[in-house]
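**Student:** So that we are looking at the same thing, I have put the structure below in structure tokens.
The values are calculated or read from the model by the stated rules, or taken from the named source; none is laboratory data. Worth saying up front: this structure is predicted, and the values here are computed from it rather than measured. FYI the Cβ positions are ideal-geometry reconstructions off the backbone, even for glycines, and counts take in every protein chain you see. Please note that ligands, DNA and RNA were not included when accessible areas were found on the heavy atoms of the full protein model with its side chains. Shrake-Rupley method; radii C 1.70, N 1.55, O 1.52, S 1.80 Å.
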Amino acid sequence: MPRRLPLISLAALAVAAALPGPAAATGSRSLHAASSHRAAAQALVKAEAVRHGRHVKTGRELTPLLKDLAVGLSKLHGSQHARARRLLLRPTIGQAQTGEDSYTVPESGPPLASSPFCSAHFCIHWVATMLPGQVDDRPPLQSNDGDNIPDYVQTMDRVFENVYQQENVRMAWQAPIPDGTRGGDMNKVDVYIKQLGDQGIFGYSTPDPGQKTNSQFAYLVMDNNFSHAEYPRYTDPILPMEVTAAHEYNHVLQFGYDVLQDSWMFEATAVWMEDKVYTDVNDYVSYLKPWAQLTQVPLTRFNSADPSDALNVKVYGDAVWNRWIDAHYGPDTIRGAWEKSTQTKPPSFAPGAYNASLATRGTSFFEAFTRFAADTAEWRSTAGPFEEGPTWPDVARASSKNLGPGAPAVSGHLDHTAYALVNVTPTSDARVKLVGRLPKGTAGAFALVGRTGPETSGPVEVDLKRLPRGGATSVTLTDPKRFARITAVLVNADVSQSGFSQLANDWQFTKNGQAVSALVSNDFTAPRVRNRTPGPGRHGVSRTSGVSVRFSEAVSGVSSSTLRLIGPGGRRVGARVTYDARQQRARLVPKRGLAAHRSYTVRILSGVVDRGDNELRAADRTWRFTTG
């Protein structure tokens, strides 16, 4: 009996965690139809909860909720619309009104320097006073250079200017969309300093409400001190300030490209950008331990309706997908995906955006994702594409038992952009092969990955076969005993979808829950035909005769597509085909009597294979007989 993949239940959990009920899908995604009232109302409730410190796990949850809220604002009315608008308005709007996320006092003025402090590309806003019993939004106010501008404010501005130089100048992302006179200067991005750490939030960005195109301007909010007491992972407050600035400012740039793009692409790109700008901080590594346990959860999966969903952490670890693309095709490929976001069919579809950008590099999302999945099997080795891999956790295997010749197959179900790793016993055979099967029409791949030497530096060998239309294939490694570890990789890389669901706020992927199976074999001997009736060259065969073929071992793939009878003129004879696995016998029964004194040809096509994926010898595939 095949052995079920025990972690497949995680993929089922990912599906179950999506919004219940029927989902109205549209053929494409537009700003007007991007959200339903229900989705917008849920985003409002969740954003309010996160803004008050509830359901905060990573400290990055607020931005995607506010983005969804801004997109769905027009679907809300009455008190819901008012509450949503309060969350989206800048802190200086509607000062001191109860319930608003705003400063409770005016921005700083004499005797300190007036807020905001503006440099070439940013304006930093802050307050210098507080009201008794109200939130203290003040940053540290000391000014050691005597200019009455708090050093903290100037430090934050220098950080953001460096982020601009890295993201806009060095990496050539387009400039942020001008925001008119909001914040005081239409050519500069506004950053508001507020107390966020007591809610566990690092910072956030959001488009201003009321915009009607995919390309939108936005502002940022950053914590007022990044104190060790509130951010205990850091000993220096500059570190969380730096990575948060790089992350949230990248969201501002993303809003300028396409505010409707998928949330997983927003977060995967922003976390990747943190490390591109501040490579020594390595904040992204904190997301890799959970990510390494979730390969069977889709790369694209994000439950925007529930920020407390434990599986939402997946998208932050998805930064490794961008790191892989960066290593193979360069960082411009990721920027290119954002540049092409609104041009794909359908638009604002992340796999389509990546596919369009990768096409300019001579590859595709399908080809890249399948190789990425295989490469993660030994991502800790510096011999692979992940430079910092030795500091990462090992990627979880889907079974505690190894595959090997004679061991049971593994089987289960995989969702789109999900995969499973299973260890293979390095035997003393000359060769071993992995035989994998996917349903017809489901794009995926199978691979064997062998590592020789230490796990953090050993060379890695990969045999990968892609199945763009599903089916069966095999991959092989020679002299398996030379490897310290061999891994089987089973991939569902299919991103087919039937439109965008306003209710679930996600695409309706059509290839979830696809059956997948694999076994390891050392059988490289082709099966044979033991006997066949009518035999080759027979004459005077009865016109009512059928065809019987007995194989030397059990085979699969016998059907009317692979076992055919060809009559006079090369015409295929209509027939019913059956296969008895116990007898190892196939039968072909014509639907009508055969013509008299005519020659007929039996053909067994490729696809009839034994358990080791070995096809019949060519000599056994074709023979002829003549009727009486």
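**Student:** Whole number please: convex hull volume per residue of the Cα set in the stretch 199-266, in Å³?
**Tutor:** Values: hull volume 6.3 nm³, N = 68.
Given the Cα convex hull of the stretch 199-266, per-residue volume reads 93 Å³.
**Student:** Based on the Kirkwood radius over alpha-carbon pairs, what is the Stokes-Einstein translational diffusion coefficient of the stretch 467-602 at 25 °C with 0.890 mPa s viscosity, in µm²/s? Present the calculation step by step, with values, prior to reporting the outcome.
**Tutor:** Values: Rh = 19.5 Å.
D = 126 µm²/s.
**Student:** Could you tell me what fraction of 2.2 N^0.38 Å the Cα radius of gyration of the stretch 534-628 comes to, as a two-decimal ratio? Write down the numbers at each step before the final one.
**Tutor:** Values: Rg = 13.0 Å, N = 95, 2.2 N^0.38 = 12.4 Å.
Output field value: 1.05.
**Student:** Follow-up question, since we're still on this one. Taking only the C-alpha atoms, wrap a convex hull around the chain and report its volume per residue in Å³ as a whole number.
**Tutor:** Details: hull volume 105.1 nm³, N = 628.
Expressed per residue, the convex hull around the Cα atoms of the chain is 167 Å³.
**Student:** Using a 7 Å offset from the Cα along the Cα-to-Cβ direction at both Ala430 and Ser561, what is the distance between the two label points in nm, to one decimal?
**Tutor:** Between Ala430 and Ser561, the label points sit 3.3 nm apart.
**Student:** What's the Kirkwood radius of the stretch 295-352 in Å, using all Cα pairs? Don't skip to the end; give the middle numbers.
**Tutor:** Numbers: mean 1/r = 0.0778 Å⁻¹.
That comes to 12.9 Å for the stretch 295-352.
**Student:** In Å, what is the Rg of the alpha-carbon atoms in the stretch 52-169, and how long is Dmax?
**Tutor:** Every Cα atom of the stretch 52-169 included, Rg and Dmax give 16.8, 50 Å.
**Student:** Of the heavy-atom accessible surface of the stretch 379-532 (probe 1.4 angstrom), what whole percent is carbon and sulfur? Provide the component values of the computation, followed by the final result.
**Tutor:** Details: 2560 of 5630 Å².
Whole-percent figure for carbon plus sulfur exposure: 45.
**Student:** Mind checking the per residue accessible area of the stretch 463-588 for me, 1.4 Å probe, whole number of Å²?
**Tutor:** Working: 5790 Å² over 126 residues.
Averaged over the residues of the stretch 463-588, the accessible area is 46 Å².
**Student:** Next question. State in Å² the accessible area per residue of the stretch 36-181; use a 1.4 Å probe, count heavy atoms of protein chains only, and round to the nearest integer. It would help to have the intermediate numbers written out before the result.
**Tutor:** Details: 6300 Å² over 146 residues.
It amounts to 43 Å² per residue over the stretch 36-181.
**Student:** For Ser143 and Arg170, what is the calculated FRET efficiency with R₀ set at 25 Å and r taken between the beta-carbons, to the nearest 0.05?
**Tutor:** Working from the Cβ atoms, E equals 0.20.
**Student:** Still on this model: Using the beta-carbon distance between Ala396 and Ala229 and R0 = 60 Å, what value does 1/(1 + (r/R0)^6) give for FRET efficiency, to the nearest 0.05?
**Tutor:** Numbers: r = 34 Å, r/R0 = 0.57.
With R0 = 60 Å, the Cβ-Cβ based efficiency is 0.95.
**Student:** Relative to the longest principal Cα axis of the chain, at what angle does helix 319-329 sit, 0 to 90 degrees, rounded to 10?
**Tutor:** The angle comes out near 70 degrees.
**Student:** Now a separate question. Normalising by the residue count of the chain, find the relative contact order in percent from Cα pairs under 8 Å and 6+ residues apart.
**Tutor:** Working: 1434 pairs, mean separation 75.1, N = 628.
Computed value for the chain: 12 percent relative contact order.
**Student:** Something else: What do you get for the angle between helix 263-277 and the principal long axis of the chain? Use alpha-carbon atoms, 0 to 90 degrees, nearest ten.
**Tutor:** It works out to around 70 degrees.
**Student:** Same structure again: What is the extension gain from Met130 to His37, computed as 0.36 nm multiplied by their sequence separation minus the C-alpha to C-alpha distance, in nm to one decimal? The partial results should precede the final answer.
**Tutor:** On the way: separation 93, 0.36 × 93 = 33.48 nm, distance 3.74 nm.
Residue separation times 0.36 nm, minus the Cα-Cα distance, leaves 29.7 nm.
**Student:** Summing +1 for each Lys or Arg and -1 for each Asp or Glu, what net charge is found among the other residues whose Cβ lies under 11 Å from the Cβ of Asp523? All intermediate terms of the calculation are to be shown ahead of the outcome.
**Tutor:** Details: positive: Arg431, Lys433, Arg611; negative: Asp429, Glu553, Asp610, Asp613.
So the surrounding residues net to -1.
**Student:** Quick one: what Rg and Dmax do you get for the stretch 536-582 from the alpha carbons, in Å?
**Tutor:** When restricted to Cα atoms, the stretch 536-582 yields Rg and Dmax of 12.4, 36 Å.
**Student:** For the stretch 311-376, which whole percent of the accessible surface, found with a 1.4 angstrom probe, sits on carbon and sulfur atoms? Let's see the in-between values first.
**Tutor:** On the way: 810 of 1840 Å².
Reported share for carbon and sulfur atoms: 44 percent.
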